[in-house]
Amino acid sequence: MNYSDTLSLAFRTIRSNKLRTGITVAIIAFGIMALVGINTAINAMKQKFTESFSAMGANGFTLHYRKWFNFNGGGVKNKRKGLREKKSNSSVPITKLQAETFLARYQYPAVVSLNFQGVGDAVVSLGNKKTNPNIRVIGGDENYTQLNGYNVAAGRNLNALDIASGRNVCIIGSAIAKRFFGTNPETPVEKIIDVNNLPFRVIGVLEERGSSFGMSYDNVIITSYNNVRRFFTAASNGPFGPGAASSFNIQVKVADVQLLEGAIDQAEGVFRPIRRLEVTEADNFMIDKSDTFVALLLKNLSFITVSAGIIGFITLVGAAIGLMNIMLVAVTERTKEIGLVKAIGGKRGDVRLQFLWESVLISLLGAGFGVVLGVIVGNVFSLVLSTGFVVPWVWVFGGIFICSLVGVLAGIYPSYKAARLNPIEALRYE
């Protein structure tokens, strides 16, 4: 028997045992589907995280009051080793005076934006129409949109006079504009809307940006931070700790990533005296790079990746045991066929190769179905996150390789057992 005859015989044998083959293929396919599907979803999450939290790019950083996320690591610079905490103002949020003083003193070539987070449950109304109480109100300045990934589609941005005067003007998100004024972004400009029953003149409309993890970037109102401090201050005990809701954030963006470390050092040097810190006292504020959030989140996602690998491995071990058992049953059932093959001149190597090919082909069929199902299942999650189509090629090829290995390992013992059968005894087997 030549190589092609052996492979053809293996294919025919697999086709003739559809139920047995189908069950085995299904077991393997579910293992690979779990492996590829979870990692496809993780890749989609990574893509969304990168889009959501890296609006300023790798050349920006933020000064803020407390940790925003309870992950290990924290800020770029938050505590100097060997320095003592200043108890007198360690729990004092960043005030408007401190933020504006920083803006006046910071002379590094960079774009600086001050912002103040308002409520997240505002209601926008116009005539008889109103939104659900899910509108976020953000207090910013003329640089806020630039540093946070927003683009003005129609109208204009906030300017220095809007900030200084605190007049009731705002920029609205595309979802709000469409709800009240239709799809033309020019229509809302210069119209009056009510935000929590307070009249605001619309000076601009933002381009559509989408949503991330249940938070819409288009259900947003951006006005001056003075307006937010007066009218839309969030609860003092928010998710980021006591006082965090009433604290200013300072965002800084440099033109070149090579200037970033110098900008951070100067920002710390300028802000420490403003926060009334002595040389021997530790920082009572946080400095985070724009990509720090992404790095922390991706680090925590690695645990999910490991879990996915363990799940897939356990499933494939079970599939390998099941495949070996089926191949051993096949050897027993086809004892007379093995004896006939040997009687007409088939060698031990031919029999061994036939059974080994059957095992590998069944595994590869399972891998094929598992990869397709895994990519589909994972991209259902990416549709929810509004990301692009994701294919984790490393895990796709890795899954195929693993299944090939499973097929070889599961088929070695049954193939050798079949090859060692005595042809005379095999022909007499009932």
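Report yes if GLY411 is modelled with pLDDT of 85 or more, part of a helix (DSSP H, G or I) and not hydrophobic (A, V, I, L, M, F, W, C), otherwise no.
no
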(request) Report yes if some residue within the stretch 180-198 is surrounded by fewer than 17 Cβ atoms within 10 Å (Cβ to Cβ), of a type in the set (D, E, K, R), closer than 30 Å to GLY388 by Cα and out of contact with any Cys (no Cβ under 7 Å at 6 or more places or on another chain); otherwise report no. (result) yes
(message) So LYS46 passes all but one of these: (1) surrounded by 15 or more Cβ atoms within 10 Å (Cβ to Cβ); (2) in a helix (DSSP H, G or I); (3) modelled with pLDDT of 75 or more. Which condition number does it fail?
(response) (3)
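Quick one: which strands (runs of 3 or more DSSP E) sit completely within the stretch 126-241 and have at least 1 residues that are under 23 Å from GLU100 (Cα atoms) and in contact with a strand residue (DSSP E or B) (Cβ under 6 Å, 6 or more places away or on another chain)?
It comes to 136-140, 169-172, 220-224.
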(request) Tally the residues that are more than 16 Å from THR233 (Cβ to Cβ) and in contact with a Phe, Trp or Tyr (Cβ under 6 Å, 6 or more places away or on another chain), restricting the search to the stretch 117-128. (result) 1
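Check the stretch 285-292 and report whether any residue there is modelled with pLDDT of 75 or more, among the charged types (D, E, K, R) and on the phi < 0 side of the Ramachandran plot.
Yes.
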(message) Looking at the stretch 332-345, can you tell me whether even one residue there is at pLDDT 75 or above and crowded, with 20+ Cβ neighbours inside 10 Å?
(response) no
(request) Taking the residues in the stretch 140-171 that are under 27 Å from the mean Cα position of the chain (by Cα) and hydrophobic (A, V, I, L, M, F, W, C) as candidates, determine which candidate is modelled with the lowest pLDDT. (result) LEU147
(message) Whether any residue in the stretch 204-219 is farther than 30 Å from ALA44 by Cβ and at pLDDT 95 or above is what I want to check.
(response) yes
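The values are calculated or read from the model by the stated rules, or taken from the named source; none is laboratory data. Predicted model only: the values in this text are computed from it and were never measured. Every residue, glycine among them, receives a Cβ derived from its backbone with ideal geometry; neighbour counts consider all protein chains shown.
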